[in-house]
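Report on the structure given below.
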Amino acid sequence: MATGFLTDTTVCIGCKACEVACKQWNQLPADGYELTGDSYDNTGHLSGTTWRHVAFIENPKKRRLTGDVDLVALAEDVTEPLPGGAELDALGRWAFMSDVCKHCVEAPCQQACPTGSIIRNEFDNVYIQPDVCNGCGYCVPACPYGVITQVPHDGRAFKCTLCYDRQIDGLEPACAKACPTNSIQFGDVEDLKVVAEERVRELHDKGYTQAYVWGTPEVGGTGGINGNHSKFVLMDEPEAYNLPKHPYLPQEKVKGGVIAGAVAAGVLGAVVALAFRD
Amino acid sequence: MSEATRESVQQSNGKVETSHHPQTDPKRNDKHYYGIPPIKHAHWTWQIPVYFWIGGIGAGTQLFSTVAQLLGHEDAALKRASRYTVLVTMILSPILLIWDLGRPERFYNMMRILKLRSPMSTQSWSLLTFGNLGGLLAARQAAEDGLLGRNALSRLLLRLIPERLLSVLALPFGLFVGFNTGNLISATSVPLWARNWALMAPTFLASGTSTALSWLSLVLHLTRSGEAKTLRALHRAEKATIVIEAGLIAVSLVRMSRWGKPLFSKSVAPLFVGGALVAGIVAPFALLFSGRETRGKNILSSLLVLAGGLAFRFSLIKAGRISADDPEAYFTFASGESAPQPEDKV
Ligand code: SF4
Ligand code: SF4
């Protein structure tokens, strides 16, 4: 059975319980009190010490509210024309998204790893064996989503393990357990796929026609990656969440590169041989 | 839902227009998340480009000396210079690579598995093979040169090490080391590198060969050794590889198109344009193709090519970092229409 995540960003409230739960359970060091100045997101991105990261997508419209504004209505749905005769074309965007390792079906990091430290475990999750990794750092630029980094002072690369240890004990990952809105769901990828599709249909029926699933072979898990075991329900273009629309499996090009290199070797060999002719 | 909202939903046939909607949000042109890089750059600093340079010299040296040997051109000075060059490069390369590891004491884990799709893995294995074969050849050379003394060990080495066979065996591994460094950087998600996947390996090998030829010619000129025929062949090959290298870099730049911009950015342009292109290609080209060949000119052009080769590798690594840190570059690269496909035509 393959397990994975479904992160439904439409119900995320940005409480960061997942970030905290992940740090606690996995005993990850703090990243320091750095204020980014970007919204309430002071973590910024995923890294070897941040395996869940809540993005705060904020783009307020700088328009004045006039008239008798029904703020409750505004908070529930932003409609046009606004209730109470307010003049405001939109409330601005304010969205949250809890990012995590995508646990790719054809994982670039795993294919890049020269030590075989990165494996697929029995739950079909992409897992770094910390006792094997020698910190070459090659998985870092290979990941099309910027998930892995090497941890300073340790030297090795780390990322989400999908709580391998908890899964072995029959528990769900710490982030999914802690999530108060069920934005993070954990389970069999096949089941989650159905849940995701249902959720998107439901959102479409409600009028949110822009909702879609990210992490499929069509969007997010493209270019040979063949889909992701961590899927997301998104409401905006992937780039707004710092996700690529159409990433590639970098190792698809290795064979062609080797053939090109071999041809070049032949040509250069012939050039050198010709140079010896009198 | 409030009454008013419910009404408007019913009026608009179940559709709710929200600010989430990209089309209804005219101010939304920010195709990034606060400019934070969506991918992570490689940590490589100076060890890796220096290794690329040294490995390229080792590969090209093996190519030239083996071809000379196969053509029946036995030049003792060339052979000596090549064998020791390969030995030194193959001692330095693993040192640089292990230095670069986060956990250097675990370097041997590279040898627990062979993964054909991982250029880092094939690189380690080819380096190991090439290094050991080169080491054996250098040991034989040392015995021949009397560096090990005239004893039983030297005689044994001379008798047991089949020179021709090992040179020929080492050649493909050496060439692999030479071009695979290109695949090592192109098999990543970094737009500037990945975009040029088809030409990265040939460019690295051509540049490695030209630095190796310059190195050999420099050594032979400085020690005033080497047969006239060797030097003539070296200079001819030097000229040809410089032209090939220049052509490959030009086509690579076309191929990289907009993603190649970091090579011309403020911090990389001096290295790339000034170092790799002008000092490494244009100047030696002018020196080699103008007027009569003199020893001084040849030495100068060799030095320029060697410096240019190093600058080329540094500029590619530095530009790769800028490319990876640029959300706009990655998002346009990974947008679907323009990114490289395996079936892409170059
Ligand atoms: S998202 Fe990155 S780190 Fe996670 S499995 Fe895919 S390539 Fe590996
Ligand atoms: S840093 Fe570790 S996990 Fe990443 S590629 Fe190197 S050995 Fe594998």
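The values are calculated or read from the model by the stated rules, or taken from the named source; none is laboratory data. Keep in mind it's a predicted model, so treat the numbers as computed, not measured. So basically every Cβ, Gly included, is an ideal-geometry build from the backbone, and we count neighbours across all protein chains shown. Note: areas computed on protein heavy atoms with side chains; ligands, DNA, RNA excluded. Shrake-Rupley method; radii C 1.70, N 1.55, O 1.52, S 1.80 Å.
Residues checked against (1) within 22 Å of B:Pro191 (Cα to Cα); (2) crowded, with 19+ Cβ neighbours inside 10 Å:
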| residue | (1), (2) |
| --- | --- |
| A:Glu202 | no, no |
| A:Thr209 | no, no |
| A:Pro217 | yes, no |
| A:Tyr241 | yes, yes |
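Say whether the condition of being assigned to a helix (DSSP H, G or I), more than 14 Å from chain A (Cβ to nearest Cβ), touching a residue at least 60 places away in the same chain (Cβ under 8 Å) and of a type in the set (A, V, I, L, M) is met by at least one residue in region B:289-299. Walk me through how you get there before you give the answer.
Within region B:289-299, the subset assigned to a helix (DSSP H, G or I) is B:289, B:295-299.
Adding the requirement that they be more than 14 Å from chain A (Cβ to nearest Cβ) leaves B:289, B:295-299.
Now restrict to residues that are touching a residue at least 60 places away in the same chain (Cβ under 8 Å): B:295, B:298-299.
Remaining after also requiring of a type in the set (A, V, I, L, M): B:299.
Scanning region B:289-299 turns up at least one residue that is assigned to a helix (DSSP H, G or I), more than 14 Å from chain A (Cβ to nearest Cβ), touching a residue at least 60 places away in the same chain (Cβ under 8 Å) and of a type in the set (A, V, I, L, M).
Can you pull out the residues in region B:101-115 that are touching a Phe, Trp or Tyr at 6+ places or on another chain (Cβ under 7 Å) and open to solvent by less than 50 Å² (accessible area, probe 1.4 Å)?
Keep residues of region B:101-115 that are touching a Phe, Trp or Tyr at 6+ places or on another chain (Cβ under 7 Å), which gives B:101, B:114.
Across region B:101-115, the qualifying residue is only B:Leu101.
Residue by residue, here is whether (1) in contact (Cβ under 8 Å) with a residue 12 or more places away in the chain; (2) more than 16 Å from B:Leu310 (Cβ to Cβ) holds:
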{"position": "B:Leu199", "(1), (2)": "yes, yes"}
{"position": "B:Phe204", "(1), (2)": "yes, no"}
{"position": "B:Gly208", "(1), (2)": "yes, no"}
{"position": "B:Leu218", "(1), (2)": "yes, no"}
{"position": "B:Ala228", "(1), (2)": "no, yes"}
{"position": "B:Leu231", "(1), (2)": "yes, yes"}
{"position": "B:His235", "(1), (2)": "yes, yes"}
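So which residues in region A:211-261 are among the hydroxyl-bearing types (Ser, Thr, Tyr) and either over 22 Å from A:Ala176 (Cβ atoms) or within 9 Å of chain B (Cβ to nearest Cβ) (or both), if there are any at all?
To start, the set of residues in region A:211-261 that are among the hydroxyl-bearing types (Ser, Thr, Tyr) comprises A:212, A:216, A:222, A:230, A:241, A:248.
Result: A:Thr222, A:Tyr241, A:Tyr248.
Might you let me know whether region B:87-98 holds any residue that is farther than 28 Å from B:Glu245 by Cβ and either buried (at least 19 other Cβ atoms within 10 Å of the Cβ) or modelled with pLDDT of 95 or more (or both)? Break it down stepwise before answering.
Just the residues of region B:87-98 that are farther than 28 Å from B:Glu245 by Cβ, to begin with: B:98.
Those left that are additionally either buried (at least 19 other Cβ atoms within 10 Å of the Cβ) or modelled with pLDDT of 95 or more (or both): B:98.
The answer is yes; a qualifying residue exists.
Residue check: is A:Arg166 farther than 25 Å from A:Gln150 by Cα and open to solvent by 20 Å² or more (accessible area, probe 1.4 Å)?
Details: farther than 25 Å from A:Gln150 by Cα: no; open to solvent by 20 Å² or more (accessible area, probe 1.4 Å): yes.
Spelling it out, it is not the case that A:Arg166 is farther than 25 Å from A:Gln150 by Cα and open to solvent by 20 Å² or more (accessible area, probe 1.4 Å).
Looking at (1) of a type in the set (Ser, Thr, Tyr); (2) at pLDDT below 95; (3) within 16 Å of ligand 2 (Cβ to nearest atom), find the lone condition where A:Thr115 falls short.
A:Thr115 satisfies all of (1) of a type in the set (Ser, Thr, Tyr); (2) at pLDDT below 95; (3) within 16 Å of ligand 2 (Cβ to nearest atom) except (2).
So A:Gly135 ticks every box in (1) within 6 Å of ligand 2 (Cβ to nearest atom); (2) closer than 27 Å to B:Phe333 by Cα; (3) of a type in the set (Gly, Ala, Ser) but one. Which box is left unticked?
Against the list (1) within 6 Å of ligand 2 (Cβ to nearest atom); (2) closer than 27 Å to B:Phe333 by Cα; (3) of a type in the set (Gly, Ala, Ser), A:Gly135 comes up short only on (2).
When the residues of region B:114-162 are narrowed to those that are within 13 Å of chain A (Cβ to nearest Cβ) and of a type in the set (S, T, N, Q), which ends up nearest to A:Ala107 (Cα to Cα)?
Taking the candidates together, the pick is B:Ser118.
Name every residue in region B:199-229 that is of a type in the set (Ser, Thr, Tyr) and facing another protein chain (nearest Cβ under 9 Å), in order of residue number.
Taking region B:199-229 and keeping what is of a type in the set (Ser, Thr, Tyr), we get B:203, B:207, B:209-211, B:214, B:217, B:223, B:225.
Result: B:Thr203, B:Thr209.
Can you confirm whether region B:211-220 contains a residue that is open to solvent by 50 Å² or more (accessible area, probe 1.4 Å), in a helix (DSSP H, G or I) and under 20 Å from B:Gly55 (Cβ atoms)?
Our first condition is that a residue be open to solvent by 50 Å² or more (accessible area, probe 1.4 Å); within region B:211-220, this holds for B:215.
Next, from what is left, pick out any that are in a helix (DSSP H, G or I): B:215.
Filter once more, keeping what is under 20 Å from B:Gly55 (Cβ atoms): B:215.
Within region B:211-220, one or more residues are open to solvent by 50 Å² or more (accessible area, probe 1.4 Å), in a helix (DSSP H, G or I) and under 20 Å from B:Gly55 (Cβ atoms).
Failed condition for A:Gln167, given (1) in a helix (DSSP H, G or I); (2) within 10 Å of chain B (Cβ to nearest Cβ); (3) farther than 16 Å from B:His43 by Cβ; (4) not aliphatic (A, V, I, L, M), with all others met?
Answer for A:Gln167: the failing condition is (2).
Hey, does region B:125-144 have a residue that's open to solvent by 10 Å² or more (accessible area, probe 1.4 Å) and within 15 Å of the chain's Cα centre (by Cα)?
Yes, region B:125-144 has at least one match.
With the condition kept exactly as written, say whether any residue in region A:171-178 is among the small types (Gly, Ala, Ser), within 14 Å of chain B (Cβ to nearest Cβ) and open to solvent by less than 50 Å² (accessible area, probe 1.4 Å). Lay out the reasoning, then the answer.
Of the residues in region A:171-178, the ones among the small types (Gly, Ala, Ser) are A:174, A:176, A:178.
From what is left, the residues that are within 14 Å of chain B (Cβ to nearest Cβ) are none.
No, region A:171-178 contains no residue that is among the small types (Gly, Ala, Ser), within 14 Å of chain B (Cβ to nearest Cβ) and open to solvent by less than 50 Å² (accessible area, probe 1.4 Å).
Would you mind finding the one in B:Ala194, B:Ala246 that is at pLDDT 95 or above and facing another protein chain (nearest Cβ under 7 Å)? Reasoning before the result, please.
Numbers: B:Ala246 fails: facing another protein chain (nearest Cβ under 7 Å).
One residue alone meets the criteria, B:Ala194.
All but one of (1) within 16 Å of ligand 1 (Cβ to nearest atom); (2) open to solvent by less than 10 Å² (accessible area, probe 1.4 Å) hold for A:Val151; which doesn't?
(2)
Restricting to region A:109-129, count the residues that are closer than 16 Å to A:Pro141 by Cβ and near ligand 1 (Cβ under 8 Å from one of its atoms).
3
Select from region A:139-148 the residues that are assigned to a loop (DSSP other than H, G, I, E, B) and either within 7 Å of ligand 1 (Cβ to nearest atom) or open to solvent by 10 Å² or more (accessible area, probe 1.4 Å) (or both) and list them in ascending order.
Correct list: A:Cys143, A:Pro144, A:Tyr145, A:Val147, A:Ile148.
Exactly one condition in (1) under 16 Å from the mean Cα position of the chain (by Cα); (2) within 16 Å of ligand 1 (Cβ to nearest atom) is false for A:Gly224; which is it?
Status for A:Gly224: all satisfied but (1).
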